[in-house]
C-alpha cells in the first residue's frame, strides 16, 4: 500500500492521545495491515517524532514524553475548541500565556482552518469575568498535590467570611461555570468537602503522602450534583411548585422531587434571594415558599415594588 501523508497524519493524531496503541488497533483504525503500521511508525521516527515501542504480550506504540513535537495536528472541531478555550476561562495570570499559545496555534494551522478561526475570533466578545478568579499558581500547586498524593495545608475563607485552617487529601479539581473547586477528604472532619479554589491560601510545605480514596458515593459526578450547590452558596431554599416534576426537569438548576401528580418540591441553593425570585418567576406557575422565611419576606418586598410600578 502506498504511503500517504494523510495516513501519517491520522496515525500521528492517534498517537497524540495519552495512551498506548497496539499495532492491531492502529491497523484497524487506519484500514491497513500491521506491517504497514510498523513502516509508518518508522517513517514518523525518521521525521523526528519520538514514537516509543511498548513492551508486553501484544506490544504497542505511544509518543514519548519530554520531546518537543513538530506542528500540532488539529481537525476543524479541535481548532474551534482550542480558540474558544483560550479566549475564555477563569484563571488569573494566564492572559499573556493564552495569547502566546493562540498565536502559535494559528501559525501552524492550514489556511482553511486559519480562515475559520479568524471568522470565529472576529465574532466573539469576551466580557470581563465577574467575581474572583483563581490564580494559575494555585491550580498548578493543587494539581501537583493530587498527582503525587500529598496532603494540602491551606487557610480557607467560607462564604460568610469565616476563616479556618484545613488539612485535606486532594482528590480532584472541578471546573463549574466560571469557578474552580477542590474536592478532597478533610482529615480533621473525616469527611469529603468541596472548596472554592479562589478562597484558599496554600501553606507550605505540603503534608504527608496519602493513598487516594475511592470517590465519594462511588461516583464523583453524582456526588457533586447532589452536594456542590448546597455547600457553595449561603442560602438554601425550598418551594412547593404547583406543576408536575417532569415540567421542571431541565428548566431549573435545583433538585426537583415529586409530591403528587400535580405538585413537586424544588430545593436549590443560591447567593441571592432575588435570583430565586427570578427563577420561579420564569417558571410561570403557582408556588409556595416552604423555607426560609427570609425568602418569603423578600418576595413580598419585590411584589410590592412591582405593584407600585404599574
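Just so it is clear, none of the values below were taken in a lab; they were calculated from the coordinates. Everything numeric here is computed off the predicted structure, so don't read it as measured data. For neighbour counting, all protein chains shown are included, and Cβ atoms are generated from backbone atoms with ideal geometry for every residue, glycine included.
Side notes on the structure shown:
- Dividing the radius of gyration of the alpha carbons in region 235-308 by their Kirkwood radius gives 0.96 for Rg/Rh.
- Between residue 99 and residue 290, the contour length at 0.36 nm per residue exceeds the Cα-Cα span by 63.8 nm.
- With each label modelled as a point 7 angstrom along the Cα→C-beta vector, the residue 259-residue 309 pair spans 2.8 nm.
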